[in-house]
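Visitor: Quick one: the structure is below, questions incoming.
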Amino acid sequence: MSAPPVAVEASSRLALTPLEAEQQAAFQAFVADEITPYAEDFEASARVPPELCRRLAEEGYLASFVPEKSGGRGLSMVAHGLLQAALAQGSASVQSLSTVHGMVALAVLRWGSPALKERFVTPLAKGDVLGAFALTEPGAGSDVQAIETTAQADGDAFVITGQKRWVSFGQIADLFLVFARSEEGPTAFLVPWDTEGLTIRPSPLTLGLRAAMLADLDLQGCRVPRENLVGRAGFGLSHVAASALELGRYAVAWASLGIAEAAFAASVKHASERRQRGVLLGDHQLVRRRLADSATLLDATRLLCLRAGLRREAREPSALADTLTAKYFASRAARQIADHAVQIHGAEGLSDEHPVQRCFRDARVMEIIEGSSEVLELLIAEHALGDHRARVARVDGESP
Amino acid sequence: MDERQRIRAHLTRFSCDEAWLGSEDLFAGGVLDSMMAVELVAFLEKSFTITIDEDDLELANFRSVEGMVRLVLRKRS
């Protein structure tokens, strides 16, 4: 007896389309010309130069998913992911600009009032305005419900008071998406950088993403007009932040893939060229084990990222769980692959003149930002349990 | 299945408790976390071919099965 046919989802293909492959080649060419040669300089100076920000904006790489009618590139979700991977292959710091700016653009595009969209979506899509995402506080990291920043209604405005930490590209952002507690609950606001009462200071340098120009914000009685509210009051975390973080996780998953690709390429090259006692490194069995582990993790990461992208494009509700899985796996895989790369390179891999040590440091950051691995474990398990509960309920419902 | 049945079937992902499924506030009691709201939005949009936007962000539209049914019917009319 033959097995019943297995339904094949349209969103389960294993390879890129010719168009996606063409887009990927264009992204990689841009990165090879304009980012990779300078990546170590960005790290050393702890900044991304404004000329590069402008180039990214000109290419429409900062919020590439925004529809063309709104001034964006209108890239598919898979192409947007490929772009993140390509950028991170050159510099994860540069890529993180695209992550956070994209999160702000998405929040306005998805939940902004018509007037707010009219004012901000096109400038964000074109990169004329740089956005930054201000959620984390000294006392609120993974537990976003713990935010203490307040927004007091006052006539046609809100008065915001509180502190924000680790705001990526906060040092150069024009517009902050700030989350604060109003009378109705957590609420999201667009706060321009030159708002009276807002002080912006560089955050301490971090292990990785050292050129991400992190900033801490001190908001003391910042008066923000009511029309700058994103979504309705009370829906700031549940809808606005959650949607933005969801896209952020997707970007970080692909960025992790990019870091892993860079580290693995370096490992294979080094193992093919470097000799120890007259034998190529790649001919040593223990080195081969590291290469095999890396190649397998890399393949699985590519497939998980592609699946998440295809399901997002199809607007499948399961895309949320797929994104969680992709980010969780990809960030861990990137760290493991970068760790192999450092080991294969030996002392050279520890040098700050070699990109693999940067890959290693940046990969470690990916396991923490936009949802730490621990938070993702809780959410992924909840989805698995939910699938089971729904299956049991369906069977019970069908029983006589 | 009609709208009500489909929404109830989806909510069994979170709990199969009949009292909870019929409650006036699904977010009370901690079964449904506010951070799961985005999943609910994705489900409603995909299942009923609607787009939920800023205007629809009213608690009444999401906190009960009946509220979601009314939202879907209004968006589809």
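All of the numbers you see were taken from the coordinates with simple rules; none came from a lab. None of the values given here were measured: they were computed from a predicted structure. Heads up, the Cβs are rebuilt from the backbone with ideal geometry, glycines too, and the neighbour counts pull from every protein chain shown.
Visitor: Given the rule -39500 (n - 2.57) for each run of at least 4 DSSP H residues, summed and divided by the residues of chain A, what is its mean residue ellipticity at 222 nm, to the nearest 500 deg cm²/dmol? All intermediate terms of the calculation are to be shown ahead of the outcome.
Guide: Values: 12 runs with 210 residues, N = 400.
The per-residue figure over chain A is -17500 deg cm²/dmol.
Visitor: Checking the cross-link filter: which lysines have an alpha carbon closer than 17 Å to that of B:LYS75, excluding same-chain neighbours under 8 positions apart?
Guide: Those lysines meeting the cut-off are B:LYS46.
Visitor: Let me ask something else about it. What is the antiparallel percent of DSSP beta bridges lying wholly in the range A:30-178, to the nearest 5?
Guide: Working: 6 of 10 bridges.
If I count the DSSP bridges inside the range A:30-178, around 60 percent turn out antiparallel.
Visitor: Taking the alpha-carbon distance from A:LYS269 and a cut-off under 15 Å, which aspartates and glutamates remain once sequence neighbours fewer than 8 residues away in the same chain are dropped?
Guide: Cross-link targets: A:GLU261, A:ASP283, A:GLU348.
Visitor: While we're here: Find out how many positive minus negative residues lie around B:ASP53, taking Lys and Arg as positive, Asp and Glu as negative, among other residues whose Cβ is under 13 Å from that of B:ASP53. Mind dumping the intermediate values first?
Guide: Numbers: positive: A:ARG110, A:LYS117, A:ARG232, B:ARG74, B:LYS75; negative: B:GLU45, B:GLU54, B:ASP55, B:ASP56, B:GLU58.
The answer is 0.
Visitor: So which GluC sites (Glu not before Pro) in the range B:4-47 end up in coil per DSSP with only 14 or fewer other C-beta atoms within 10 Å?
Guide: Values: sites: B:GLU18, B:GLU24, B:GLU39, B:GLU45; in loops: B:GLU24.
Passing both the DSSP loop test and the Cβ count: B:GLU24.
Visitor: Per residue of A:389-397, how many C-beta atoms from partner chains lie within 10 Å of its own C-beta, taken as a mean?
Guide: Values: counts 6, 7, 2, 2, 8, 2, 0, 2, 6.
Partner-chain Cβ atoms within 10 Å, mean over residues of A:389-397: 4.
Visitor: If you take every residue apart from A:GLU353 with its C-beta less than 13 Å away from the C-beta of A:GLU353, what net charge results, scoring Lys and Arg +1 and Asp and Glu -1? Please report the intermediate quantities before stating the final value.
Guide: On the way: positive: A:ARG358; negative: A:GLU40, A:ASP41, A:GLU43, A:GLU348, A:ASP352.
It works out to a net charge of -4.
Visitor: Within a 10 angstrom radius of the beta carbon, how do B:MET1, B:MET68, A:MET366 rank from fewest other beta carbons to most?
Guide: Details: B:MET1 9, B:MET68 25, A:MET366 29.
Listed from fewest to most nearby Cβ atoms, that is B:MET1, B:MET68, A:MET366.
Visitor: Further, regarding this structure: Residues of B:37-45, mean number of Cβ from any other protein chain within 10 Å of their own Cβ, rounded to a whole number?
Guide: On the way: counts 6, 12, 10, 3, 6, 9, 4, 1, 2.
That works out to 6 on average.
Visitor: For the range A:14-126, what is the relative contact order in percent, using Cα pairs closer than 8 Å and at least 6 residues apart in sequence?
Guide: On the way: 108 pairs, mean separation 34.9, N = 113.
RCO, the range A:14-126: 31 percent.
Visitor: Taking a point 7 angstrom from the Cα of A:GLN152 along the C-beta vector, which residues in the range A:195-214 have backbone N less than 17 Å away?
Guide: Residues A:196-198 qualify, since their backbone N sits under 17 Å from the label point.
Visitor: From the P(r) of the protein assembly as shown, can you give the percent of Cα pairs sitting at distances over 42 Å?
Guide: Values: 20836 of 113526 pairs.
Looking at the protein assembly as shown, the distances longer than 42 Å represent 18 percent of pairs.
Visitor: OK, next. Take every residue in peptide A:318-330, count the Cβ atoms of other chains within 10 Å of its Cβ, and give the average of those counts.
Guide: 1
Visitor: Compute the signed sum of charges (Lys and Arg +1, Asp and Glu -1) over the other residues within less than 11 Å, Cβ to Cβ, of A:ARG47. Can you show the working numbers first?
Guide: Working: positive: A:ARG210; negative: A:ASP41, A:GLU43.
Neighbour charge sum, excluding A:ARG47 itself: -1.
Visitor: Let me check against my output: what whole-number percent is the relative contact order of the range A:267-400, with C-alpha pairs under 8 Å and at least 6 apart?
Guide: The normalised contact order for the range A:267-400 reaches 20 percent.
Visitor: Let me ask something additional. Among DSSP beta bridges whose residues both lie in the protein assembly as shown, state the antiparallel percentage, nearest 5. The partial results should precede the final answer.
Guide: Numbers: 31 of 36 bridges.
Of all bridge pairs located within the protein assembly as shown, approximately 85 percent are antiparallel.
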